[in-house]
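Q: Quick one: this structure, given as structure tokens, is what I'll be asking you about.
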Amino acid sequence: MEEKPQAEAEEVQEEPEEEPPVRETEAEVEVHLHNSDSPLATATSFEDLGLKEDILKGVYGMKFVKPSKIQERALPLLLSDPPTNMIGQSQSGTGKTAAFTLTMLSRINPSEDTPQALCLAPARELAIQIKEVVDEMGRYTGIRTYLACGGEPVPRSPVRDHIIIGTPGRVQDMMKRNTLNTKAISVFVLDEADNMIDQQGLGDQSMRIRRMMPASSQVILFSATFPDEVRAYAQRFAPNSNMITLKAEELSVEGIKQFYMDCRSKEHKLEILTALYSLLTIGQSMIFCNHRDTADEVARTMTAQGHTVVSLHGKMEAAERDRVLKDFRDGKTKVLVSTNVIARGIDILQVNMVVNMDLPVDLHGLPDPETYLHRIGRTGRFGRKGVSINLVHDPMSWKVMNAIQDHFGKQIIRVPTDNYDEIEEFLRRYGVH
Ligand SMILES: Nc1ncnc2c1ncn2[C@@H]1O[C@H](COP(=O)(O)OP(=O)(O)OP(=O)(O)O)[C@@H](O)[C@H]1O
């Protein structure tokens, strides 16, 4: 029986930075748009979507050429008046952030110095990333953003920035202290919405914040996953929504090849990880564990072998978390070991391998296909190639993997554990080596 995920509270490993930064290669950034069924292929242009000039300038400044399918489908619905709520689903890495960002930017009046849009995310790292996207896309608009997360300075007076991006704890706190005035909020976005409204998790907090939104505000829920049990609740949270949804079988991203390796024991899994690391010459990889202790052990063992590996957990100090993720984004570290804290939303294009050291389970120890999909979705972003490798070693991990495979109807292919040449060949074939 798997243990419940524990609270996380340990120091991150300090790493000697003896290895050169890794860069994306041409092969990795090649985007596959040939297939018109692809969630990235569209016939529309950003101009067709009726975006304002200053916003378009920001979009093109980010080198976006055409909208992705979710952007093409969702934006006309999101931008039409009177505003209508939206429940939007599309595969990981297909541009949901831009869809809700463009909506927020379009609905702000920059000459009014008061919050007019609120965006919530489940983790600090994701809130920071969203803020960076909004700032970049909105750089010609005069719209200001504010980060409302634990670890940031507590505001003493009401915030006057236009878009608030944060996590539920701090946002609720600011509402209580009257430093976040919600009267003029016209757009309320929940990114990773199934996670945000989940009654076992952040649901209560999100609902309390929801109640503070003006009745006229537009509620936007986005995620790659909306499991059946939260769909009905999502419709109550965002009533009369336009809905863009997908079936479980449509959720797997083409560019992510899924594998498993049949390991003998936990120790063998660690050995395999180290071997994979040595074979990984291009790009970066993320290793997911279910427990903080395992993440620590993995980082410790690999560090002791001279590899540049860092770990990130939910209970680390904010500044430390920021530093670890920044170093990874900048390519100063090649492998990031983590728990589910960064399983969702994090967008680092050069990640081309995700390893599930443990198969994801929920709080009851049952297979968690949604978390699996989000974890492997850290690679294969916007048409890039990536591989995910599941390390299975006992009947429980087998059971969990098979349940996940059945859920998505997508085969997970076996890779030998005893033949490194063959593993290398696999990785090469899928653009990782
Ligand atoms: N129209 C576009 N043209 C080119 N690149 C784009 C476009 N839209 C988004 N991207 C890029 O695609 C990547 C993935 O986008 P984003 O992070 O919004 O995915 P997502 O759908 O929110 O994924 P997840 O479900 O994992 O959160 C980002 O690097 C983003 O800059």
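The values are calculated or read from the model by the stated rules, or taken from the named source; none is laboratory data. Since this is a predicted model, take the numbers as computed values, not measurements. Cβ: placed from backbone, ideal geometry, glycine included. Neighbour counts: every protein chain shown. Accessible surface areas use protein heavy atoms only, side chains included; no ligands, DNA or RNA. Shrake-Rupley method; radii C 1.70, N 1.55, O 1.52, S 1.80 Å.
Q: Checking the structure you have, find out if any residue of region 165-174 is within 16 Å of the ligand (Cβ to nearest atom), farther than 22 Å from Arg236 by Cα and not in a loop (DSSP other than H, G, I, E, B).
A: Yes - at least one qualifying residue is present in region 165-174.
Q: Within region 129-139, can one find any residue that is in a helix (DSSP H, G or I) and away from the ligand (no atom under 15 Å from the Cβ)?
A: No - not one qualifying residue is present in region 129-139.
Q: Ok, one more. Report yes if Thr97 is of a type outside the set (D, E, K, R) and more than 19 Å from the chain's Cα centre (by Cα), otherwise no.
A: No; evaluated as a whole, the condition is false for this residue.
Q: Continuing with this model, one more query. Give the residues of region 323-347 that are away from the ligand (no atom under 16 Å from the Cβ), open to solvent by 30 Å² or more (accessible area, probe 1.4 Å) and at pLDDT 95 or above, sorted by residue number.
A: Arg323, Lys326
Q: Just to be sure, is Gln71 modelled with pLDDT of 95 or more, in contact with an Asp or Glu (Cβ under 8 Å, 6 or more places away or on another chain) and within 13 Å of the ligand (Cβ to nearest atom)?
A: The answer is no for Gln71.
Q: Name the one entry in Val355, Val415, Val351, Val387 that is touching a helix residue (DSSP H, G or I) at 6+ places or on another chain (Cβ under 6 Å) and open to solvent by less than 10 Å² (accessible area, probe 1.4 Å).
A: Every option except Val415 fails the conditions.
Q: Determine whether Val159 is outside any strand (DSSP E or B) and in contact (Cβ under 8 Å) with a residue 40 or more places away in the chain.
A: Values: outside any strand (DSSP E or B): yes; in contact (Cβ under 8 Å) with a residue 40 or more places away in the chain: yes.
Criteria met by Val159.
Q: Yes or no: region 200-211 includes at least one residue that is buried (at least 17 other Cβ atoms within 10 Å of the Cβ) and either touching a Ser or Thr at 6+ places or on another chain (Cβ under 8 Å) or not assigned by the TED database to the domain that holds Lys176 (or both).
A: Checked against the condition, which is being buried (at least 17 other Cβ atoms within 10 Å of the Cβ) and either touching a Ser or Thr at 6+ places or on another chain (Cβ under 8 Å) or not assigned by the TED database to the domain that holds Lys176 (or both), region 200-211 yields no hits at all.
Q: Sticking with this one: Which numbered condition in (1) farther than 25 Å from Asp198 by Cα; (2) part of a helix (DSSP H, G or I); (3) away from the ligand (no atom under 14 Å from the Cβ) is the only one that Glu112 fails?
A: Against the list (1) farther than 25 Å from Asp198 by Cα; (2) part of a helix (DSSP H, G or I); (3) away from the ligand (no atom under 14 Å from the Cβ), Glu112 comes up short only on (2).
Q: Any residue that is within 14 Å of the ligand (Cβ to nearest atom), modelled with pLDDT of 95 or more and of a type in the set (Val, Ile, Thr) - is there at least one of those in region 374-385?
A: Yes, that holds for at least one residue.
Q: Can you name the residue in region 219-239 that is within 13 Å of the ligand (Cβ to nearest atom) and of a type in the set (Gly, Ala, Ser) and is also surrounded by the fewest Cβ atoms within 10 Å (Cβ to Cβ) among such residues?
A: Out of the qualifying residues, it is Ala224.
Q: When residues of region 57-68 are filtered for being within 7 Å of the ligand (Cβ to nearest atom), closer than 13 Å to Glu47 by Cβ and of a type outside the set (Phe, Trp, Tyr), how many remain?
A: Here the count works out to 3.
Q: Considering region 351-363 alone, what residues qualify as being away from the ligand (no atom under 16 Å from the Cβ) and either part of a loop (DSSP other than H, G, I, E, B) or over 25 Å from Ile413 (Cα atoms) (or both)?
A: Met357, Asp358, Leu359, Asp362, Leu363, listed by residue number.
Q: Filter region 74-93 down to the residues that are of a type outside the set (Gly, Ala, Ser), out of contact with any Pro (no Cβ under 9 Å at 6 or more places or on another chain) and away from the ligand (no atom under 16 Å from the Cβ), then identify the one that is least open to solvent (accessible area, probe 1.4 Å).
A: Among them, the one singled out is Thr84.
Q: Spot the failing condition for Val253; the list is (1) under 30 Å from Val335 (Cβ atoms); (2) over 20 Å from the mean Cα position of the chain (by Cα), and only one is missed.
A: Failing condition for Val253: (2).
Q: Would region 241-251 turn up any residue that is open to solvent by 40 Å² or more (accessible area, probe 1.4 Å), among the β-branched types (Val, Ile, Thr) and assigned to a loop (DSSP other than H, G, I, E, B)?
A: For region 241-251, residues open to solvent by 40 Å² or more (accessible area, probe 1.4 Å), among the β-branched types (Val, Ile, Thr) and assigned to a loop (DSSP other than H, G, I, E, B): present.
Q: Cβ-Cβ under 6 Å, sequence separation 6+ or interchain: first residue in region 94-105 and more than 8 Å from the ligand (Cβ to nearest atom), partner assigned to a helix (DSSP H, G or I). Which pairs?
A: Listed pairs, sorted by first residue: Thr101/Val133; Thr101/Val134; Thr101/Met137; Thr103/Leu78; Leu105/Ile55.
Q: For region 74-109, how many residues are of a type outside the set (A, V, I, L, M) and part of a helix (DSSP H, G or I)?
A: Within region 74-109, the subset of a type outside the set (A, V, I, L, M) is 76, 80-85, 88-97, 100-101, 103, 106-107, 109.
Narrowing further to those that are part of a helix (DSSP H, G or I): 76, 96-97, 100-101, 103, 106.
Total meeting the criteria: 7.
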